[in-house]
Amino acid sequence: MAAAFQDFQRSESDRLNEVKGHLEIALLEKHFLQEELRKLREETNVEKIKEELERERGKRLDLELRMNEVLKSRLEDSPPQLARKPPSPTPAANGKDTDKEKPPQGETLYLRAWRWLYDRVGVYIEDFRFVPEENTVEAEEPLSAKRLTENMRRLKRGARPVTNFMRNLSALSNWHSVYTSAISFIIYMNAAWHGWAIPMFLFLAILRLSLNYLIAKGWRIQWSIVPDITDPIEPSKDDLTVSEKFQLVLDVAQKAQNLFGKMADVLEKIKNLFMWVQPEITQKLYISLWVTFLSSCILPYKLVGFMIGLYAGIKFFIIDFLFKSCPKLRDKYDTPHIDWNNLPTDPQLKERTNATMSRRLSGSEKIQPVVARGSLATVPCGVNLDADSARIHSTKKGAFHEIFNVSENERPLPVCENGWRCCLINRDRKMPTDYIRNGMLYVTENYLCFESSSSKSVSSKKNKVIKLVDITDIQKYKVLSVLPGSGMGISIATPSTQKPLVFGAMIHRDEAFEAIFTQYMKITTTSRQPLGSPEL
């Protein structure tokens, strides 16, 4: 019984020590994130900017008060104020004094005219400001899952009339309802033939507003070529857990990201079309604009409108229907569709520029001789030339291979060229300065390298280099199971450490784990392959 009780006490103490270790790591990660936040605040100097803004506001208020005082003093000295003073007594024509004397007729008309002008215009002159008003910045609301989802629903509801209109137009062009499309085609071509295309569109707009007025009064009027798609009723969001709310925010953010991406693609393509980024496409637009301009100058407007309306009807009802029914025909002969797809966006232009630069650099490498090791002095400090892709890899304090004492062939993988910001938690150490270190994490073909931000020399003992072959276990690390999410750390177990090393507080944790684990599996499979080969 005594032995069992001692074993129970030991197991309880081990659990308590483990929980204590987890709590220490959580506190250290919190301290690290607070330090990073403090550094960011110091870099941005938000407080100083706020103080300067308050000073400028105070100066503006003083100037407004002085301006109001000057305007008041001018108004007091103006002629309308003279009318309030009692007129000086003048003797009557018959020699008798009267109680109320009247001013001359000319002066009375002048004062009335001046007072009427001041009542009409003087108020606006007094309100005029010689100093331009300061543009006030609207206060941004804090991030809220409820507000974010509500704004996305409002955007969807607001865009629903436009999307329904576009769906009906597409249904007309696709001949979804043969009778409706045929009637619309006959009516439109008849209107275009007689020059009534514009009056027809104006009449349709008036008819739509009239129907909307009747709908607003309570009439049930609904007409659509395509049946309306009703949104599913979403359950109440009040009784969601923390993880469900977090997932809801991620879903809404993903939808907003995709929507903004599509809008940015359209705007960038339009910008690049007018900026001659793709000259062969912009040249077609340029020539068509010249042809349209000359036609409008030479031909009568009625004939030009007839030609444009006739072409628009044939294009909308017949040509688009044929192209949508046969995608191969569209990809070959639909010039606007082909040109729009070939228009590049800004990210595509950047990728093309980088590819062109890499080709030029790779071509120059084939011509130039191999640089000797003694000529590395011409390369700036902190630079390492990649022989395969002609890229320059470096860290903040020097060349990559000099900082970590590795061979010159070792360089960061493309996924971590700039490194991942994290903090190294070494639970084998007892000193606070050695227990946790802030820095950058890199992964190469054979090593996992950690550069400490507190290291002052080029090659410091605070930097950590781990061979991928020596790693015994890689896992995603979560400090406490009660916290939401999947954690922000990666644990690396090696034979030289009693407890696994933890790289915590990583924003891009999943990306780093995927890269490290993939390279680790690649190295371990290649190292084990010769061992399993049969001996000759």
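The values are calculated or read from the model by the stated rules, or taken from the named source; none is laboratory data. If you're wondering where the values come from, they're calculated on a predicted model, not measured in any experiment. Heads up, the Cβs are rebuilt from the backbone with ideal geometry, glycines too, and the neighbour counts pull from every protein chain shown. Heavy atoms of the whole protein, side chains included, go into the accessibility calculation; ligands, DNA and RNA do not. Shrake-Rupley method; radii C 1.70, N 1.55, O 1.52, S 1.80 Å.
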### Message
Quick check on the stretch 494-516: of everything there that is of a type in the set (A, V, I, L, M, F, W, C) and more than 15 Å from Asn446 (Cβ to Cβ), which residue is surrounded by the fewest Cβ atoms within 10 Å (Cβ to Cβ)?
### Response
Ile507
### Only listed residue being out of contact with any strand residue (DSSP E or B) (no Cβ under 9 Å at 6 or more places or on another chain), modelled with pLDDT of 70 or more and either in a strand (DSSP E or B) or open to solvent by less than 90 Å² (accessible area, probe 1.4 Å) (or both), chosen from Ser454, Ser491, Ser459, Ser527
Ser527
### Summary
Restricting attention to the stretch 283-327, the residues that are at pLDDT below 90, under 36 Å from the mean Cα position of the chain (by Cα) and exposed (fewer than 12 other Cβ atoms within 10 Å of the Cβ) number exactly 1
